[in-house]
Amino acid sequence: MVKVAPSVLSADFGKLNQDIQMLNSSEADYIHLDVMDGVFVPNISFGFPVIKSIAKVAQKPLDVHLMIVDPQRYVSQVRDCGAEIMNVHVEACTHLHRVVQQIKSAGMKAAVTLNPATPVIMLEDIINDIDMVLLMSVNPGFGGQSFIPGTIKKLKQTRSLIEQSGSNAVIEIDGGVNMKTGAELAANGADILVAGSFVFSSKNPEATIAELRRL
Ligand code: DX5
Ligand code: ZN
């Protein structure tokens, strides 16, 4: 069964507490938090004070996706927010191996994220050090974009890399996930699906999360 990580980016920030409570009572496996700095991506979302407030009410593990330059500057702050997983982009880290070790030394799971145009081969020398690969299936920065079909090929390549290397990493996919793209992703070996607009624009978000988990 595929796991689901609803993205709070598409929640209503005016009633964030209610939306987090909804996720708590849903079958969501993680709560996905998108941090954007307006430099790495052309948008600004929210930062550590908001994550800390979410962490106080969240009863699901926090999956923090940092769309920011030089994320190694914030390893201890992400840990202090109570994150279980810290996602950093390959494109944002000059010394990726060092960042991954810092994340794990801080007691978190280390996830490495690839933009749609970054090839899977970039993971070859880090795959045995990481807990998760996050493949972006849209260009990061906004919710509600359309799924990029080439992600399926990258998912298959990532699955083979994991098998060949003996890595224990799981594969998460982020962007444009709905029932149709989710089914294709689940069939091709995705472990975790991030879903923002599809969950929060649904009439019944809890039921939508449950349906995604059954793909
Ligand atoms: C995009 C973010 C995603 C976003 C996904 O930059 O990383 O997590 O919330 O949104 P949807 O599911 O609407 O594509
Ligand atoms: Zn994300």
- Task: Identify all residues within segment 111-125 that are within 26 Å of Ala83 (Cα to Cα) and of a type in the set (Gly, Ala, Ser); write none if there are none.
- Result: Ala111
- Item | Lone unmet requirement of (1) part of a strand (DSSP E or B); (2) surrounded by fewer than 15 Cβ atoms within 10 Å (Cβ to Cβ) for Glu172 | (2)
- Query: Being closer than 20 Å to Pro42 by Cα and within 15 Å of the chain's Cα centre (by Cα), is that true of even one residue in segment 115-127?
  - Reply: yes
- Message: For the structure I just gave you, tell me whether Ile44 is surrounded by fewer than 18 Cβ atoms within 10 Å (Cβ to Cβ) and in contact with a Gly (Cβ under 8 Å, 6 or more places away or on another chain).
- Response: yes
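Check Ser167, Ser105, Ser146 and return the single one that is over 18 Å from the mean Cα position of the chain (by Cα), hydroxyl-bearing (Ser, Thr, Tyr) and open to solvent by 40 Å² or more (accessible area, probe 1.4 Å).
Numbers: Ser167 fails: open to solvent by 40 Å² or more (accessible area, probe 1.4 Å); Ser146 fails: over 18 Å from the mean Cα position of the chain (by Cα).
One residue alone meets the criteria, Ser105.
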- Message: Let me spell it out: the conditions are (1) over 19 Å from Gly175 (Cβ atoms); (2) under 15 Å from the mean Cα position of the chain (by Cα), and Ile54 meets all of them except one. Which number is the exception?
- Response: (2)
- Quick count over segment 1-41, residues being modelled with pLDDT under 95 and surrounded by 19 or more Cβ atoms within 10 Å (Cβ to Cβ), is 0
- Starting from segment 187-215, take each residue that is open to solvent by 60 Å² or more (accessible area, probe 1.4 Å) and list its partners that are hydrophobic (A, V, I, L, M, F, W, C) and within 14 Å of ligand 2 (Cβ to nearest atom), counting only C-beta distances under 7 angstrom and pairs at least six apart or across chains. Phe198/Val177
- Message: Any residue at all in segment 14-23 that's touching a Gly at 6+ places or on another chain (Cβ under 6 Å) and not aliphatic (A, V, I, L, M)?
- Response: no
- Message: I'm trying to understand the selection: among the residues of segment 129-155, which are assigned to a strand (DSSP E or B) and either in contact with a Leu (Cβ under 7 Å, 6 or more places away or on another chain) or near ligand 1 (Cβ under 8 Å from one of its atoms) (or both)?
- Response: Val133, Leu135, Met136
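The values are calculated or read from the model by the stated rules, or taken from the named source; none is laboratory data. None of the values given here were measured: they were computed from a predicted structure. Positions of Cβ are backbone-derived with ideal geometry, glycine not excepted, and every protein chain shown enters the neighbour counts. For accessibility, only protein heavy atoms count, side chains too; no ligands or nucleic acids. Shrake-Rupley method; radii C 1.70, N 1.55, O 1.52, S 1.80 Å.
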